[in-house]
């Protein structure tokens with residue numbers, strides 16, 4: 001396992017102390033049923049994996065329509081709701097769930113969002129959600145918020161100190177394609193074996209989203225560009241794709257401002273970074289010498 005530690009890096013002692021002191025007890029999470037609605041497979045797998053490792057029972061769906069159907073079928077303790085999803089977005093799904101609740105019933109819904117500003121967060125609360133967690137996901141914060149809303153904790157958790165894994169530099173300030181701190185965090189939140197499988201899923205999704213970005217760019221579809229950029233800016237951060245994330249941030253910002261020429265330039269920059277990033281991730285995972293085992297990260 002020495003090769004694993006070398007490839008995925010080692011945490012600082014201060015970060016390790018924080019995790020040891022803050023990680024929720026496995027027994028507190030047992031019996032809590034969570035529904036996760038998230039359209040990105042790469043994000044879906046990692047969030048479900050880390051929550052199951054903390055002891056939660058997790059079901060997963062890929063869009064808001066599936067979330068409303070699942071919420072009707074089972075009495076979940078907490079629902080984690082992505083905002084931007086196909087078929088039905090998280091806000092509309094929340095409206096449907098709230099309308100279907102009987103008097104006195106109320107399932108806590110936590111938004112999972114890459115919208116980080118206060119105005120957006122307040123809007124989610126006003127739309128019927130109870131709380132929110134920003135992407136990329138902080139494992140401790142998310143687990144502790146679930147415990148709070150499920151009635152297993154008496155106070156709202158405070159946001160954990162920022163780790164180096166969340167500090168992704170802009171594409172103009174760093175030549176590095178990969179953020180190894182983010183990849184180390186991924187391995188720590190899951191395991192080195194599972195992290196390798198998750199990275200493979202992300203590479204596949206990255207290439208698929210690149211095709212969508214190229215198609216949207218050719219058609220001048222700003223909404224299509226915005227949707228893909230929004231999804232990539234959080235997943236790329238989680239999977240250490242630093243340059244891709246930086247370009248996705250630029251593209252997302254340009255789309256919001258309606259700056260088409262800037263958006264097209266950002267989309268070209270993002271597309272140029274996709275294959276070098278995929279190749280760098282493949283080379284990175286090749287550094288890890290692990291036995292060929294089947295870690296269970298199947299969606300359930």
- Using label points projected 7 Å from each Cα along Cα→Cβ, tell me how many nm separate residue 99 and residue 215, to one decimal. 3.0 nm
- Query: Mean separation of Cα pairs under 8 Å and 6+ residues apart, divided by the residue count of the stretch 166-286: what relative contact order is that in percent?
  - Reply: 34 percent
- Between residue 265 and residue 253, what is the label-to-label distance in nm when each label sits 7 Å out along the Cα-to-Cβ direction? 1.2 nm
- Query: For the stretch 31-161, what class follows from the C-alpha gyration tensor (a ≥ b ≥ c being the square roots of its eigenvalues): rounded when a/c is under 1.5, otherwise prolate if a/b is larger than b/c, else oblate?
  - Reply: rounded
- Task: Mind jotting down the distance between the C-alpha centroids of the stretch 27-59 and the stretch 219-265, whole Å?
- Result: 27 Å
- What spacing in nm lies between the two simple spin-label points modelled at residue 208 and residue 120, each 7 Å away from Cα in the Cβ direction? 2.3 nm
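Read-outs throughout are calculated quantities, based only on the coordinates presented, and are distinct from any laboratory measurement. Just so it is clear, the structure is predicted and the values come from calculations on it, not from any experiment. Methodologically, a virtual Cβ is constructed for each residue, glycine included, from the backbone with ideal geometry; neighbour enumeration extends over all protein chains shown.
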